[in-house]
Amino acid sequence: MKVVFFGQLKEILGVSQLENVGPFENVALLRAELQKTDENWQQSLSSERCLVAVNHVLSDDSCELTGDEEVAFFPPVTGG
């Protein structure tokens, strides 16, 4: 599984992607494991502060994972 970070998350966490992550049953378990890294990761990856896409499709924490996905975390975006 490949995990990528976009926008401010990439800057805050100091990493743009992680390779060979997992396996995890779903996004919630992946998110929880990543949040164990440190306080920055815990706050930045909270479901209130960032969105997630699995294989380029906006998803939520209940999305099941098989291990060969690309999971992207990114901050909410606004347009104008």
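When the residues of the stretch 50-59 are filtered to those that are in contact with a Ser or Thr (Cβ under 8 Å, 6 or more places away or on another chain) and within 18 Å of Glu25 (Cα to Cα), which remaining residue is surrounded by the fewest Cβ atoms within 10 Å (Cβ to Cβ)?
Per the stated criteria, the residue is Ala53.
Could you check the stretch 40-55 and list, in sequence order, the residues that are polar (S, T, N, Q) and either touching a residue at least 60 places away in the same chain (Cβ under 8 Å) or not in a loop (DSSP other than H, G, I, E, B) (or both)?
Of everything in the stretch 40-55, those that are polar (S, T, N, Q) and either touching a residue at least 60 places away in the same chain (Cβ under 8 Å) or not in a loop (DSSP other than H, G, I, E, B) (or both) turn out to be Asn40, Gln42, Gln43, Ser44.
Condition check: loosely packed, with under 14 Cβ neighbours inside 10 Å, of a type in the set (Ser, Thr, Tyr), at pLDDT below 95 and farther than 14 Å from Glu69 by Cβ. Does Ser47 satisfy that?
Yes: the conditions hold for Ser47.
Restricted to the stretch 13-39, and to residues that are in a loop (DSSP other than H, G, I, E, B) and in contact with a Phe, Trp or Tyr (Cβ under 7 Å, 6 or more places away or on another chain), which residue is most open to solvent (accessible area, probe 1.4 Å)?
Here the answer is Ser16.
The values are calculated or read from the model by the stated rules, or taken from the named source; none is laboratory data. Source: prediction; values computed, not measured. So basically every Cβ, Gly included, is an ideal-geometry build from the backbone, and we count neighbours across all protein chains shown. Just the protein is used for accessible areas: all its heavy atoms, side chains included, with ligands, DNA and RNA removed. Shrake-Rupley method; radii C 1.70, N 1.55, O 1.52, S 1.80 Å.
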